[in-house]
Protein chains: 2
Amino acid sequence: MIEAIAFDAYGTLYDVYSVERKCEEEYPASGAAMSRLWRQKQLEYSWLRTLMGRYADFWHVTEDALRYTLAELGLEGDEEKIAAIMATYLELEMYPEVIEAMARFGTRKKAILTNGNLGMIEPLVARSGLGAHLDACLSADETGLFKVRPEVYQLAVDHLGVARERLLFVSSNGWDVAGAKAFGFTVGWLNRRGLPPEELGVRADYEATNLLELAEMVEASA
Amino acid sequence: MIEAIAFDAYGTLYDVYSVERKCEEEYPASGAAMSRLWRQKQLEYSWLRTLMGRYADFWHVTEDALRYTLAELGLEGDEEKIAAIMATYLELEMYPEVIEAMARFGTRKKAILTNGNLGMIEPLVARSGLGAHLDACLSADETGLFKVRPEVYQLAVDHLGVARERLLFVSSNGWDVAGAKAFGFTVGWLNRRGLPPEELGVRADYEATNLLELAEMVEASA
């Protein structure tokens, strides 16, 4: 029934915790507040730029969101600190269960489908050795739009060549889960932080706390 | 130079503080956290539903956001409390300087341009006596989209019949300021909370802390 799998990257395959650690290192006592507001503004800017028709790539959006965050929190926008914090996005750790889970998903086609531009995501894939398990690394950048626009999810259909409902889309982000389900994918939610589902009128087909658990659920229902 | 003025409603003309007070009354010690998260989710849901092509009106979105907020904060989703808190949206206080500022803006055409559906916004206009100062009350609901989509801002152009740059759009919300400026309006930002500007590649033409101050700035530059 599931013939291919597409994975979100940030928070799903790659742990963004090291970003918080670096924020704390550069701006002591502000790391938690910074990383929370930064993530919120990063997403807001991706949605707002898409709605406004003013696309800029995810690296640009992420740096803009960091600058806003520093200003709102009354922290100095030091260029060296900004560069050092941004660089952590190229060195995120992969979650420990990912490689084993990839094997569990078997010979199905697999791809990353991310808001990140290739310049952001390819260094992570190379560094983590995930490339050998993937058939494609797809970026929203190709469309000039961000998730949750349908054109972005359509990339996976076009590149993997399977019908929407036979493609399992996996994300840890509730809003991405909703967008993918509205598009018509079968959706697995990695609810790593134990959050309630977003109230957007759709629900995930599977919910698990990590990727290995999700692979087992999909296997059991196949 | 400025021939017409369009005003955002929530936070711009109408003070949403009473919402926080009611949250605190119904869920003691949680009012501040509730109202902050609720506002964030209300906006997120308006943007995500527009991007997903799954419009629901702002009342619906607002109630969905409230339900999510209660769930995330671990508070009981009591139906009577939800109804009581939602009802405060129909009884928001107008900011004290609004009527005097309306007079200061003179005989220029004036309209509200809000995400709120008419069922939400008309009770506020009637209750506050603002109707006598307005030529139109325009809702995003007419487009089936929310701000910051250009189609929503276009409503003001169509109904007031002036060129974009001769229309002053006034909002207290930084994201709305960016959307309106990207659309081509002359924009006044009521920065009531002393926030930095959003990093979305555009800036307001005027920045003031309240509507009377903005009216004086526009008058001085006319």
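Its relative contact order, with pairs defined as Cα atoms under 8 Å and 6+ residues apart, puts the range A:17-90 at 34 percent. Qualifying trypsin sites (Lys or Arg not before Pro) in the range B:157-198, where qualification requires a DSSP coil assignment and no more than 12 other C-beta atoms within 10 Å, comprise B:Arg193. For the residue pairs B:Lys41/B:Lys181; A:Lys109/B:Lys41; A:Lys181/B:Lys147; A:Lys22/A:Lys147, alpha carbon separations beyond 32 Å are given by A:Lys109/B:Lys41.
Largest first, the extents of the alpha carbon coordinates of the protein assembly as shown on the three principal axes equal 70, 50, 42 Å. In plain terms, if you count all Cα to Cα distances in the range A:17-90 and split them into 5 Å steps from zero, the share in each step is 3, 17, 30, 26, 14, 7, 2, 0 percent. Per residue of peptide A:43-50, the mean number of Cβ atoms on other chains within 10 Å of the residue Cβ is 6.
Both radii were evaluated on the Cα set of chain A; the Rg over Rh quotient, with Rh as the Kirkwood radius, amounts to 0.96.
For chain B, the relative contact order works out to 24 percent when only alpha carbon pairs closer than 8 Å and six or more residues apart are counted. The angle separating the long axis of helix B:211-221 from the principal Cα axis of greatest extent in chain B is about 20 degrees. The mean count of C-beta atoms from other chains within 10 Å of the C-beta of residues in B:132-138, rounded to a whole number, is 0.
Each reported figure results from applying straightforward, stated rules to the coordinates on display, with no laboratory input. Nothing here was measured: the structure is a model prediction, and the numbers come from that model. All Cβ positions, glycine included, derive from the backbone under ideal geometry; neighbour counts span all protein chains shown.
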